[in-house]
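To start, the structure under review is shown below, and the notes come after it.
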Amino acid sequence: MKGILIQQKVFKAIDGRYTENISEEKRLENDEFAYSSIILNLSDSVIRKVGKLETAKELWDRLEELFTETSLPSKLFLLEKFFRYKDLSKNIDENVDEFTKLVQDIKLTGDRT
């Protein structure tokens, strides 16, 4: 999703890094575009959890809270899965893909600074 917002040049509505002086109207337009881009890519069940939020930043932050698990048990589970990973039924490309996914999931459980 971040990639889509960057491509549409509206991720600044979320990270707040406007480098140029833009009008409040343009900021609001960017926020609305980012918000709608995110909402349109969510399932109905997720929309029910976040639908009352008003800005793209609020929406983004709430989705991070809902879907980025950073607890110690979660991290330990992922580390165990990482070190025990072996699937002989998959070819090398599928194994590398799964291994890479595990590495990314472990990184996501780290500090969000």
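No value in this document is a laboratory result; all are computed from the given coordinates. This one's a predicted model, so the numbers in the text were calculated from it and none came from an experiment. Don't worry about glycine lacking a Cβ; one is built from the backbone with ideal geometry, like all the others, and counts go over all protein chains shown.
Tabulated results
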{"quantity": "Surrounding net charge for ASN95, when Lys and Arg each add one and Asp and Glu each subtract one, Cβ distance under 12 Å", "calculated": "-2"}
{"quantity": "Sites GLN7 and SER45 - FRET efficiency at Förster radius 41 Å, r taken between beta-carbons, to 0.05", "calculated": "0.95"}
{"quantity": "Semi-axis lengths, Å, the chain, gyration tensor of Cα atoms, sqrt of 5 times eigenvalues", "calculated": "34, 16, 14"}
{"quantity": "Residue among THR68, THR55, THR100 with the largest mean-square fluctuation in a Gaussian network model of the chain, springs linking Cα atoms under 10 Å", "calculated": "THR100"}
{"quantity": "Mean Kyte hydropathy of 0.5 or more with a Cα span along the axis of at least 15 Å, helices from DSSP in the chain", "calculated": "72-83"}
{"quantity": "Inter-label distance for THR100 and LEU88, nm, one decimal - labels placed 7 Å from Cα along Cα-to-Cβ", "calculated": "2.6 nm"}
{"quantity": "The chain - percent relative contact order, Cα under 8 Å, separation 6 or more", "calculated": "22 percent"}
{"quantity": "Candidates GLU20, GLU64, GLU29, ranked by Gaussian network fluctuation over the chain, Cα under 10 Å, top entry", "calculated": "GLU20"}
